[in-house]
Amino acid sequence: MAGLLSKFRSAITIFFFLFVVAVSGKPHRSSQILRPAVGFGKEKMSHLHFYFHDIVSGPNPTAVQVAAAASTMKSPTFFGAVVMIDDPLTEGPDPKSKLVGRAQGLYALASQQEAGLLMVMNFAFMGGKFNGSTLSILGRNTVFSKVREMPVVGGSGLFRFARGYAQAHTHTLNLTTGDAIVEYNVYVIHY
Ligand SMILES: *[C@@H]1O[C@H](CO)[C@@H](O)[C@H](O)[C@H]1NC(C)=O
Ligand SMILES: *[C@@H]1O[C@H](CO)[C@@H](O)[C@H](O)[C@H]1NC(C)=O
């Protein structure tokens, strides 16, 4: 009898404890649904157009090789090379035209069959209304194709929640130096 009573008591205690937690203890919320996307306004699409200057030669290169495999130099496609970039983005094809931002990140030679790059970079905008905002690009760039398309996987600042695509088209490639000027058209949906 005493055993049954103590079991009953502990059941009551547990029940009371759970009840107290349920009514008084607001659980710590790790996520919350905000509807509609608070403070973000309407979604819109922007088209950005600029030129990317990949300077590998001379005293001030903006693209430097930082790694390679032992076999990279024996590969016809330089498979395994990794290049870090801080390439200026300008309004026009002339490198002296207005700077709109910089492409910072890296590209890696990721194909054994052709000149195919893995691009992992942020476009950091440095002027106009997008000053301080960034777009993140992750994609495949077969540099000898006429137009290469790479996904925009995200962004920051005015480009929060960004998604879209970037199309690259080589404007000029100096075969002696390896320096390239690439035209970019970026279509991005953001708030
Ligand atoms: C961009 O923003 C930075 C930091 O706020 C500021 O120093 C710079 O003057 C701005 N540049 C332009 C072109 O507006
Ligand atoms: C390539 O660069 C070299 C060295 O700067 C220059 O002399 C040459 O004119 C350039 N070629 C083209 C096609 O721009």
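What follows draws every value from the coordinates through simple rules; no lab data is involved. Note that this is a predicted model, so its numbers are computed, not measured. Methodologically, a virtual Cβ is constructed for each residue, glycine included, from the backbone with ideal geometry; neighbour enumeration extends over all protein chains shown.
Between beta-carbons, use under 14 Å as the cut-off and find the net charge around Val83, counting Lys and Arg +1, Asp and Glu -1.
Values: positive: none; negative: Asp54, Asp86, Asp87, Asp179.
Every neighbour counted, the sum reads -4.
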Worksheet item: Which log10 I(q)/I(0) values, to two decimals, does the range 44-190 give at q = 0.10, 0.17, 0.19 Å⁻¹ under the Debye formula with one point per Cα?
Response: -0.33, -0.95, -1.17
Worksheet item: Does anything in the range 96-111 have its amide N under 18 Å from the 7 Å Cα→Cβ label point of Lys129, and if so which residues?
Response: 100-101
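Could you tally the net charge around Gly132, taking each other residue with its Cβ under 15 Å from the Cβ of Gly132, Lys/Arg +1 and Asp/Glu -1?
Numbers: positive: Arg102, Lys129, Arg160; negative: none.
Result for the neighbourhood of Gly132: +3.
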